[in-house]
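Here it is: the structure, laid out below.
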Amino acid sequence: MLILVVFMAMGIAYTHAETAARKKARYYYTAGADRQAVGQEGAAYEYFKKAYLADPTYAEAASAYGSRRLYVAIDTMQSGTELNRSLDMMKQYIDAYPGDLYENLFYGYVAGQLHKPEESIRVLERTYALHPESANILLSLAETYSNTGSWRQAIDALDRYEHQAGRSPQITTRKLSLMLVDKDTVGALREARLMTERDPSDVALTILRGNLYDAVAMPDSALVWYLKAEELDPESGPAKLALVAYYEENGDSIEYDKKMYEALLTEDLDLEQKTDLVANYLQTLLRDNKDHKRGDYLFSVLQSQYPHEPRLLDLSARYNAAKGDFASARDQISYAIDRDPTNITYWGQLMTYEAADDHADMALETYERAKEHIIPDEQLRMYYVSVAQMAERYDSAANMIRSMIDEIQPGLPVDSVVSLSNLRKDITADQLDRLSELLVTLGDVYHLSGDSLGAYRTYENALILDDSNAMAKNNYAYFLATGGGDLDKALALSKSSLSGFDALNPTYLDTYAWICFLKGNYAEALEYQEEALGDEDNPVENAELYEHLGDIKAALGDTEGALTAWRHAVELREKFMQTEAPEYQETLRKIQNNE
């Protein structure tokens, strides 16, 4: 009798402990829900965590804590182990309350993302059985089946969706793609036939059938259905776009131009679609160096419809610039700026066209005008630096860089030796790297201005802030060597730049090869110079690299090889319109002296 009383007392104590834990968990859970309701997600997370720790068997708390752990930006929380642990916390609620549509859908999605497709499918299939009115569950199921390579089950899920929600070109397209992946060409063709038989007047479905024939390499059948779509609606933009793509793919330029023109005149294609269409066409003409008159004509069609649209003026400017007509490019982008003066990209383009047309001073004035309408971003400010160097206004370029440095680290003594003690304590690694990059640019400006000592000091400072800065090492090495400085130091700096991602950098390899040349190590110079020029499949088309190759080969007594390299350097300078450069005439003299 005494033993029975003792066991009863122990049972009562255990029950009281469990009730207390659940009561405490409920308190924290309710507090978390209250914080969540007013948008205090951080506080809600902490309360849900306390609720779970108070009673891990409390399904609501476990689910709330587990789901929020998925979003906590802590590396340890984002490991695979911890993510799966969060999913397990959610599972007890999911199985306890299978009727909770939202939570079960979320759990099913997360399980799929965590590469647990079987679990995802189990929950989603169960959820759909309990909520057959929610057809969107089937779309999630189809995606999960597809991710596991279960093509037939994915197609079946989409069939069930269509049966409930109705057919749509988007779902049919997905089904057809799954059938093709499953190598069920016959099934895909049958589905396409049934699709158009059910609604023979639907232009979108007719185009889709043509797309299928194109995908299975039946171009004649594809053309039949594209023409059928155009017949159903002669003013259909999508039908004409399908024909444009077909004629382009099959090399029929006459029909391609004709359909392109018709597509531009349709009303169911918006400006963005038409602009993209013409942009792609113009890019093809420019790339293949074809007759620009075809592009000019189609462009005029679009311009007549939208004469004052900034987007179109932008495209016109880019097109003219690509043709080398920078004056027209300046005019067009200026019109775009008149209509949208707050577009920072347009201001950058105007500066680009002015500089390309040998009006660097005008580009600098444009920058000053731009500041009345925009706050220049870093890209525009760096372009200002480049243009200022072109205009030989080195003080302006240096001052801009100094202002950018000062924004990151106020008071950094860039014109003397810097040290890490000059930096604020909360500076980030990214900011430190950026300071080093800006110092390299400042060093380049000093070099161009003739201040070699200032350039070397600045490169040293860049390496103090980031001793892995390969560009600082390369530029320092090259200018030190070509300026008559310490060749051994230059060689060591250059060799150090050739590591990691930069080991195959053509510019850095060229620097090392040229320093070897200056030291008289011609064989090693040739080895690195040839490596800098790449291979037959991926050659580097750089005139200076070929000029250096010619110099090295001449030093080795290979006159014919030197002439070949120099001639290629001349061809490249002519190709890229660099015939005004002093190096061009110098290379011609080398060729004449050695022929």
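The values are calculated or read from the model by the stated rules, or taken from the named source; none is laboratory data. None of these values were measured; they are calculated from a predicted model. Glycine gets a Cβ as well: all are built from the backbone with ideal geometry, and neighbour counts include every protein chain shown. All accessible areas refer to the heavy atoms of the entire protein, side chains included, with ligands and DNA or RNA removed. Shrake-Rupley method; radii C 1.70, N 1.55, O 1.52, S 1.80 Å.
How would HIS308, HIS359 rank on accessible area, largest to smallest, probe 1.4 Å?
HIS308, HIS359
Another one. Given a cut-off of 27 Å, name the pairs among LYS259/LYS575; LYS259/LYS293; LYS489/LYS575; LYS183/LYS274 whose C-alpha atoms lie farther apart than that in the structure shown.
Correct reply: LYS259/LYS575; LYS489/LYS575; LYS183/LYS274.
Once label points are set 7 Å from the Cα along Cα→Cβ at both LYS323 and THR81, what is their separation, rounded to one decimal in nm?
6.5
Grab the eigenvalues of the alpha-carbon gyration tensor for the chain, scale each by 5, take roots, and send me the semi-axes largest first in whole angstrom.
Equivalent ellipsoid semi-axes, largest first: 58, 43, 26 Å.
So how far, in whole Å, is the C-alpha centre of the stretch 137-190 from the one of the stretch 470-546?
56
Here's a follow-up. Alpha carbon centre of the stretch 206-264 versus the stretch 354-422: separation in Å?
Computed from Cα coordinates, the inter-centre distance equals 51 Å.
Then there's this: Which shape class applies to the stretch 218-373: rounded if a/c is under 1.5, otherwise prolate when a/b exceeds b/c and oblate if not, where a ≥ b ≥ c are the square roots of the Cα gyration tensor eigenvalues?
prolate
When you count, for each residue, the other Cβ atoms within 10 Å and take the mean per peptide, how do 190-196, 376-382 rank with the highest first?
Top to bottom by mean Cβ count within 10 Å: 190-196, 376-382.
Mind ranking HIS447, HIS163 by accessible surface for me, highest first, 1.4 Å probe?
The residues order as HIS163, HIS447, largest area first.
Quote the Stokes-Einstein diffusion coefficient, in whole µm² s⁻¹, for the stretch 195-234, based on the Kirkwood radius over alpha carbon pairs, a temperature of 4 °C and a viscosity of 1.567 mPa s.
Value of D from the Cα-based Kirkwood radius: 133 µm²/s.
Would you mind computing, in nm to one decimal, how far apart the modelled labels at LYS293 and LEU180 are, each placed 7 Å from Cα along Cα→Cβ?
3.9
While we're on this one: Determine the gain in length on full extension of the stretch GLU255-ALA503; use 0.36 nm per residue of separation and subtract their C-alpha separation, reporting nm with one decimal.
84.4 nm
Determine, for each peptide in 33-44, 457-468, 167-178, the mean count of other beta carbons within 10 angstrom over its residues, then list the peptides with the highest first.
Packing order, densest peptide first, comes out as 457-468, 167-178, 33-44.
In the stretch 433-466, whose amide N lies under 18 Å from the spot 7 Å out along Cα-to-Cβ of ASP415? List them in ranges.
Label zone hits: 439-462.
Which of rounded, prolate, oblate describes the stretch 490-531, given a ≥ b ≥ c as roots of the alpha-carbon gyration tensor eigenvalues and a/c under 1.5 marking rounded, otherwise prolate only if a/b is larger than b/c?
Verdict is oblate for the stretch 490-531.
A follow-up question, please. Can you tell me how much longer the chain between GLU541 and ASP95 gets when fully stretched, taken as 0.36 nm per residue apart minus their C-alpha distance, in nm with one decimal?
Taking GLU541 through ASP95 to full extension adds about 154.2 nm, to one decimal.
I'm a student and want to see the number: the projected area of the Cα convex hull of the stretch 420-526, averaged over all directions, in nm².
If I average the Cα hull's projected area over directions, I get 7.0 nm².
Right, another one. Given a 1.4 Å probe and the protein chains all in place, what does the accessible area of GLU309 round to, in Å² to the nearest 10?
70
Can you give the translational diffusion coefficient of the stretch 394-433 in µm²/s, computed by Stokes-Einstein from the Kirkwood radius over Cα pairs at 10 °C and 1.306 mPa s?
The Stokes-Einstein estimate is 145 µm²/s.
While we're looking at this one, here's another question. Using a Förster distance of 22 Å, how high is the FRET efficiency between ILE375 and ASP331, based on the Cβ-Cβ distance and rounded to 0.05?
0.25
Here's a follow-up. Heads up, I need the accessible area for TYR161: 1.4 angstrom probe, whole protein in place, Å², nearest 10.
My reading of the accessible area for TYR161 is about 40 Å².
Moving on. Could you provide, to the nearest whole Å², the per residue accessible area of the chain with probe 1.4 Å?
52
While we're on this one: State, to one decimal in nm, how far the label point of THR482 lies from the label point of ARG339, with both points 7 Å from Cα in the Cβ direction.
4.4
With all protein chains present, calculate the accessible area of VAL110 using a 1.4 Å probe and round the result to the nearest 10 Å².
The accessible area comes out at roughly 10 Å².
Quick one: grab the alpha carbon gyration tensor of the stretch 308-424, order the square roots of its eigenvalues as a ≥ b ≥ c, and give me rounded if a/c is under 1.5, else prolate or oblate depending on whether a/b is larger than b/c.
Since a/c reaches 1.5 and a/b is larger than b/c, the shape of the stretch 308-424 is classed as prolate.
If you don't mind, there's one more thing I want to ask. For every helix of n ≥ 4 consecutive DSSP H residues, a contribution of -39,500 (n - 2.57) applies; sum these over the chain, divide by its total residues, and give [θ] at 222 nm rounded to the nearest 500 deg cm²/dmol.
-24500 deg cm²/dmol
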